[in-house]
Amino acid sequence: MPPEAKAAFDATFATTRTGAWWISVPLLIRGTMAFLSGSFFPIDSAPDWLQAISLGLPLRHLNEAMTDVMVRGQGAATTLVLMAILLGFALVVGAVAARLFRWDTD
């Protein structure tokens, strides 16, 4: 099921608008990221501006690493740079989340 369809389906079970938002928006973001990262088509055939945007998405680097190992037959050592990019992304996003997260005191 496409992420957009799953988002719409899941949102029908939400009891509030806020609940529907929290169900559907993350799925829409993930679906868009998957499309722009080359999960559904080779990103090499995309326009240059789209390739530039996709370099900022972590899924692009994961797709490249998996393709290198599973399709191109390269060893796992060839993916170290891509894994370092993913680790850096995780550390930055984790630090931002830790800084901004607050428990509700209500």
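The values are calculated or read from the model by the stated rules, or taken from the named source; none is laboratory data. Since this is a predicted model, take the numbers as computed values, not measurements. Neighbour counts are summed over all protein chains in view; Cβ atoms, including those assigned to glycine, are modelled from backbone coordinates with ideal geometry.
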From the options 38, 73, residue that is on the phi > 0 side of the Ramachandran plot, out of contact with any Leu (no Cβ under 6 Å at 6 or more places or on another chain) and surrounded by 13 or more Cβ atoms within 10 Å (Cβ to Cβ): 38
From the options 32, 15, residue that is hydroxyl-bearing (Ser, Thr, Tyr), modelled with pLDDT under 90 and surrounded by 13 or more Cβ atoms within 10 Å (Cβ to Cβ): 32
Starting from residues that are outside any helix (DSSP H, G or I) and among the small types (Gly, Ala, Ser), keep the ones in segment 48-106 and report whichever is nearest to residue 38 (Cα to Cα). 56
Those residues that are assigned to a helix (DSSP H, G or I) and under 23 Å from residue 88 (Cα atoms), I need them from segment 28-47; list them, please. 29, 30, 31, 32, 33, 34, 35, 36, 43
